[in-house]
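What follows is a set of notes on a single structure, which appears directly below.
Please treat every number below as a calculation from the coordinates, not as lab data. Everything quoted here is computed from the prediction, not taken from an experiment. Cβ placement follows ideal geometry from the backbone for every residue including glycine, while neighbour counts extend to all protein chains displayed.
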Amino acid sequence: MENSSPDVLTMSIQDACRVVGFSRAKMYREINSRRLPVRKAGYRTLVLMSDLKAYIDALPPGGPSEAKP
């Protein structure tokens, strides 16, 4: 990944996929549904680190659900 510095502000779609473990298709679904905002810099599509963190923080918690007796 080209963005390994802790001071990184943006990353490519490809790098964002690696960071969160999403496929490219899943990442684009989240972007197209406007759940994950992106920025354009010429032809490049960039994800702000702060937006990616906010997106992840807003996801519902996972784990085993409580079984009803």
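Quick notes
- Couplings 3J(HN,Hα) for region 45-61, derived from phi with the Karplus relation 6.51 cos²θ - 1.76 cosθ + 1.60 (θ = phi - 60°), are 9, 10, 10, 6, 4, 5, 5, 5, 5, 4, 4, 5, 4, 7, 5, x, x Hz, where x marks Gly and Pro.
- In this structure, Asp7 and Arg35 have a Cβ-Cβ separation that, at R0 = 25 Å, corresponds to a calculated FRET efficiency of about 0.45.
- Between the amide H of Thr10 and those of Met49, distances stay under 5 Å, these residues lying 5 or more places away or on another chain, with hydrogens modeled in the peptide plane.
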